[in-house]
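The values are calculated or read from the model by the stated rules, or taken from the named source; none is laboratory data. All values reported here derive from a predicted model rather than from experimental measurement. Note that each Cβ is placed from the backbone with ideal geometry, even for glycine, and that neighbours are counted across all protein chains shown. Ligands, DNA and RNA are excluded from the accessible area calculation, which covers all protein heavy atoms including side chains. Shrake-Rupley method; radii C 1.70, N 1.55, O 1.52, S 1.80 Å.
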Amino acid sequence: MKVETLLDEIIQKDGAAHLTLIDPDSQTPEEAAKIAAGAAAGGTDAIMVGGSLGSTGTQLDETVLAIKKCTKLPAILFPSNVAGLNKHADAVFFMSLLNSKDVMFITTNQALGAPIVKRYDIEPIPMAYIIISPGGTAGWVGDAKPIPREKPELAVAYALAAKYLGMRWVYLEAGSGADESVPLAMIKAVKGAIDDTKLIVGGGIMDGATAKECVKAGADAIVTGTAIENGDVTSKIREFVGAIKK
Ligand code: 1GP
C-alpha cells in the first residue's frame, strides 16, 4: 500500500496520525534505530527522517537502513534539500518551502531532486512547507520569511495557494524545539480554509495536552522530535498517541 494511502486511512480511522521525527545528525544510526523501535512500540504511525543540517550522505544512508531493519513502519524522508534524498526510504515529503525568499527552496532543489526520486522509485507525497515564527533552524536555513504568529490570514493565504497548486499536504512548522508550537487559532483558520487537504503541525509540541489541542483545532497529523530526545521514548510517544487518537 502507498504510504500516503496508509496515512489517509489512519487519519480517517483514528482522527489523527502521529509522526516521529528522527534527525540523523543527532545520534548514531544504531541509536536512531532504537528510538524508532521505541516509537513503534508507543504507537507512532511513521518515522520521518531528516533535518536542516547534516542529514545527508553516509549518516543518512545508515540511519534509514538501521530504522528500516528494526521496524515495519514507513520511513518518510523530510529533506531540507536534494542531499536529503535516500534510496532506502519508502516515501519522501516532496515539499516546497512556500514562504522562503530563496528560489532554491521553492523549486530548484525540487527540480534537482525529482529525477532522483524517480530513479530511486520512492513515493513522493506533495507537500507545502510553511514556516511560522519563530521558525528555528529550518526557518534560518530555508531563508524563510516566517509568518507572524498573530497573522493567521497569511498562513491561510499560503495554505490555500498550496491547495490550488494541487499539493495534498500542508505542514505548518514552528521550528524544532520552538518555545511555543503553532498557534491554535492559526491551525483552525488554515484547516477551515483547506478542508480535505491534510494538515501537519510540528515544532515545539512537547506534551500530549498540546498535541490534543492542535488536533482539536484541525491538525490531521502531529510531528514530534525534541520531546523524545531525553527519557523513555515509548512512554512519551504513548502519551502523544493516546492524546490525539479517537
Ligand atoms: C521539526 O516540526 C518538527 O521539523 C519537530 O519539532 O523537534 O520541536 O518536536 P520538535
Pairs where the first residue, in the stretch 199-212, is part of a loop (DSSP other than H, G, I, E, B) and the second is among the acidic types (D, E) and away from the ligand (no atom under 11 Å from the Cβ), C-beta under 8 Å, 6+ apart: D207/E239
Under 7 Å between Cβ atoms, which residue pairs at least 6 apart in sequence (or on different chains) link something in the stretch 129-143 that is closer than 8 Å to G175 by Cα with a partner that is in a helix (DSSP H, G or I) and hydrophobic (A, V, I, L, M, F, W, C)? I131/A138; I132/A155; I132/M186
Selection from the stretch 97-128 of residues that are without any contact (Cβ under 8 Å) to a residue 40 or more places away in the chain and hydroxyl-bearing (S, T, Y): T107, T108, Y120
How many of the residues making up the stretch 190-216 are hydrophobic (A, V, I, L, M, F, W, C) and open to solvent by less than 20 Å² (accessible area, probe 1.4 Å)? 8
List the pairs whose first member sits in the stretch 10-33 and is touching a residue at least 40 places away in the same chain (Cβ under 8 Å), whose second member is aromatic (F, W, Y) and assigned to a helix (DSSP H, G or I), and whose Cβ atoms are under 6 Å apart, counting only residues at least 6 apart or on separate chains? H18/F240
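Could you grab me the full set of residues in the stretch 82-95 that are open to solvent by less than 30 Å² (accessible area, probe 1.4 Å) and free of Cβ contacts under 8 Å to residues at least 60 places away in the same chain?
Those that are open to solvent by less than 30 Å² (accessible area, probe 1.4 Å) and free of Cβ contacts under 8 Å to residues at least 60 places away in the same chain: G84, L85, N86, A89, V92.
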